[in-house]
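Here is the structure we will look at, set down as structure tokens.
Throughout, read-outs are computed from the coordinates displayed, never taken from laboratory work. In this text, all values refer to a predicted model and were calculated from it rather than measured experimentally. Here the Cβ positions follow ideal geometry from the backbone for every residue, glycine too, while neighbour counts run over all protein chains shown.
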Amino acid sequence: MASRFLLITLICSVLLLSGQSTAAVVEYEFAIDVKEVNLTGAPVEALAIDGKIPAPTVTAAVGDTLRATFHNRLDVKTSVHWHGILLPSDQDGVPYLNTQPIGPGKSHTFEFPITHAGTFWYHSHTDLQVQRGLYGAIVLTEENPEQAIEERVVLFSDWTDEPVDSVLTNLKSRDDFYAFKRRTIQSWDKVLANGGEAIRNRLRSSLTRMGPMDLADVGYDAFLVNGQQVSAFEDIDSSATQVKLRMINGSTSSYYEVEYASGPMTVIAADGQDVMPIKVQRLRFSTAETYDVLVPIVSGRASELRATSIDGSGYSSLFIGEGQRLAAPDVPRPNLFLTNHMDMGESTSMPMHEHDEHAMPMHEQEEVAAPMHEHEEHAMPMRAQEEAVTPMHEHEEHAMTMREHDATSRSVQAAERMTMEQDVIAHMTDYSALMATESTQLPASQQWREIDLRLTGNMERYVWSLNGKTAREDPQILIKKGENVRFLLSNDTMMHHPMHLHGHFFRVVNQHGERSPLKHTVNVPPMGSVVIEFDANEEEDWLFHCHNQYHMKTGMNRVVSYEDTSLFTADVEKLIRPSRRWFDVNNFHAMNSFLDYELSFADERNEFRFELDTNISDSYEIHATYDYYFNRFVSGFAGVEIREHHHGKDHDIGIAGLNVTLPMLIDSEWRVNDHGRFRLELQSELQFTRHFGFDWRWNTDNEYRYGLNYRVNNRWLLTLHTDTEYGDGVGVKFFY
């Protein structure tokens with residue numbers, strides 16, 4: 001008996017030790033430094049981790065402790081954020097909010113336990129360093145993974161040879177700066193060429209004071225996959241019939257349409273969370289998301305995985321396998337002239353049988369693809385005030401449970417039908433097809449807090465915000481531990497916004513009810529809405545922001561703080577602000593008859609403007625004003641006007657009034673001077689073609705200026721002008 005007891009004890013000890021042996025401290029040590037790269041034919045300075053762009057892949061298993069040390073060899077501060085990973089708040093890597101930045105010549109060690117598996121990524125959260133190369137993949141596996149299939153990491157990104165500070169300045173200087181570079185300016189010749197519907201769309205949007213929409217901000221010089229415009233996986237096992245791709249969109253601001261040459265991709269995970277397998281021919285891939293997909297391997301072929309920028313301005317290529325290269329289909333540029341901006345929130349992502357993909361009428365597809373049906377939206381309890389804790393009433397809770405149960409039953413049946421019939425989604429543009437593998441319902445016993453968040457902005461001034469306020473003006477959202485939190489996200493802008501919540505997974509509420517998918521980043525389409533929910537089970541402070549880095553840096557972010565444990569103070573708020581607040585824009589207009597110089601110096605709400613007109617010899621006008629922007633359409637101003645003219649009408653006056661954007665995108669100035677005299681001035685621009693445009697200015701003093709311009713590039717225009725004071729002339733305009 002004693003020997004049997006000793007044997008059992010020995011076996012248990014061995015089993016216990018073998019179980020423990022899988023957990024380990026996984027250590028990495030990296031250097032962050034400057035690196036010269038040549039991705040487009042021009043050598044430029046970039047940033048790299050261990051000399052690599054993208055950075056080395058970090059791998060660990062559930063149960064491990066990850067210990068990563070970064071040595072900063074730069075002459076500026078840097079940081080590392082672990083995107084999508086659940087970890088202690090002080091390891092999250094947001095400078096000053098969670099973790100101290102890594103100073104020049106300094107080092108920092110991150111250490112945290114791995115509690116979940118999935119595909120994630122890490123990147124700098126300092127300034128715009130991610131655009132310069134500081135990003136890499138993270139692969140977290142189960143404790144004892146079954147390596148039944150080959151897998152590869154696929155990391156998409158975008159690249160510009162320009163200094164990143166210049167990119168943001170250019171976005172501030174002209175709303176169409178990069179549209180000209182990408183050849184996406186919506187000029188009137190193209191509107192007319194697209195017929196009556198395009199004309200009606202343009203007039204409708206102009207009457208509502210909405211400018212022509214665009215799908216991307218920056219004109220990139222290259223789109224990359226694993227650091228190159230064209231990459232390849234040629235070392236796939238020749239016996240493999242499929243490969244698992246861990247795809248990451250590590251771009252600074254780009255969305256992609258991803259398609260594989262050798263048939264549909266099978267999506268099995270989104271943002272590191274398993275989903276019911278779905279077959280997708282083309283996948284819209286938002287900034288900062290991750291997807292795990294299975295793709296077939298074709299013997300003797302290298303099949304292209306192509307990621308095309310959503311605006312059609314370029315793509316990257318990854319060839320998988322060996323042999324003759326098989327190209328993926330071209331993705332046509334979207335025709336925005338035929339798109340009504342009021343319909344941009346609607347999209348199509350319902351499953352369609354691969355031989356009958358056009359069977360469902362478009363309007364029916366859009367209705368089914370909506371995040372929620374209208375009656376379901378209004379059945380949910382709504383509260384406008386962020387501070388209110390809103391428990392669900394019993395009958396509402398029961399009604400929602402019944403709806404979710406019915407929706408889940410329908411979703412399971414649909415998933416089974418997809419599996420049996422091999423249905424394929426022709427183009428997955430939203431999350432309506434994603435279904436979790438198990439229930440994601442939040443604890444029924446917890447109270448609910450609902451927060452309305454409108455995604456707002458001003459493309460003309462390039463200021464982005466939430467509920468009409470930038471992070472500088474309204475930095476914090478308060479919640480309490482132990483609540484169920486619901487964010488009602490509605491996009492009032494013409495741009496896509498990939499919203500990312502640090503430290504949590506949230507449910508993206510769709511028709512799958514209790515099996516709505518879990519994600520950490522969600523796209524909110526132009527003029528669209530999305531509902532997300534999460535269990536407030538953390539502590540302290542976590543960032544919530546648009547992952548388009550240029551949107552985040554100009555105001556579209558908040559700190560989500562747990563009321564009882566928050567460490568967020570006024571001093572921390574000042575430290576986490578973007579390093580640059582004020583931007584200057586200069587316009588120089590040189591004619592043979594006069595010179596005109598305009599300078600604006602602005603932040604998100606305030607602007608100082610100076611304009612000088614002169615004929616050099618005996619006449620000049622000076623306008624100097626301070627403007628305050630109440631919203632994107634209205635600003636108030638006050639200042640002075642100084643005139644000296646050869647005809648003797650010299651005066652110095654004080655002026656004040658309002659600038660209002662009118663329908664048809666006409667800018668109006670309603671002003672009164674210190675003598676009580678009122679004046680109305682109107683001005684606008686018309687873009688006839690990509691190169692030719694017309695600008696005009698007129699006021700009730702019967703002063704006018706008209707100009708015909710030829711745009712040579714983003715900064716230089718040739719111009720022919722006439723002016724009431726200075727007469728006719730030819731010359732150039734220059735922006736900087």
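Considering only beta bridges that DSSP places wholly inside the chain, some 80 percent are antiparallel.
Positive contributions from Lys and Arg (+1) and negative ones from Asp and Glu (-1), summed over other residues with Cβ under 13 Å from the Cβ of D64, come out at -3.
Using just the helices of the chain, give the 222 nm mean residue ellipticity in deg cm²/dmol: DSSP H runs with n ≥ 4 each add -39,500 (n - 2.57), and the total is spread over all residues, rounded to 500.
Details: 11 runs with 112 residues, N = 736.
Result for the chain, helices only: -4500 deg cm²/dmol.
Charges only on Cβ, +1 for Lys and Arg, -1 for Asp and Glu: so what's the dipole of the chain about the Cα centre, in debye to the nearest 20?
880 debye
Evaluating kT/(6 pi eta Rh) at 37 °C and 0.692 mPa s, with the Kirkwood radius of the range 131-211 over Cα pairs in the Stokes-Einstein relation, gives 185 µm² s⁻¹.
A cut-off under 9 angstrom between Cβ atoms defines the neighbours of A307, and their net charge, with Lys, Arg +1 and Asp, Glu -1, is -1. Placing +1 on the Cβ of every Lys and Arg and -1 on the Cβ of every Asp and Glu, with nothing else charged, gives the range 583-735 a dipole about its Cα centre of roughly 560 debye. The label point for A590 and the one for E685, both projected 7 Å from the Cα toward the Cβ, are 2.0 nm apart.
Please give the Cα centre distance for the range 591-651 versus the range 469-487, rounded to the nearest Å. Centre-to-centre distance over Cα atoms comes out at 41 Å.
If r is the Cβ-Cβ distance from S166 to I653 and R0 is 41 Å, what FRET efficiency results, to the nearest 0.05? Approximately 0.60, to the nearest 0.05. The amide H of Y255, built 1.01 Å from its N in the peptide plane, has I310 as neighbours under 5 Å, considering only residues 5 or more places off or on other chains.
Here the Karplus curve 6.51 cos²θ - 1.76 cosθ + 1.60, taken at θ = phi - 60°, turns the phi angles of the range 593-604 into couplings of 10, 6, 10, 9, 10, 10, 10, 10, 9, 9, 10, 5 Hz, with x standing for Gly and Pro. Sorting L192, L717, L455 by the number of Cβ atoms found within 10 Å of their own Cβ, with the fewest placed first, yields L192, L717, L455.
Would you tally the net charge around A261, using a Cβ to Cβ cut-off of less than 10 Å, leaving A261 out, and scoring K and R as +1, D and E as -1? Net local charge, A261 excluded: +1. Normalised by the number of residues in the chain, the mean separation of alpha-carbon contacts (under 8 Å, six or more apart) gives a relative contact order of 10 percent.
Arranged from fewest to most other beta-carbon atoms within 10 Å of their beta carbon, I451, I616, I149 become I616, I149, I451. Expressed to the nearest 5 percent, the antiparallel share of DSSP beta bridges inside the range 436-576 is 70 percent.
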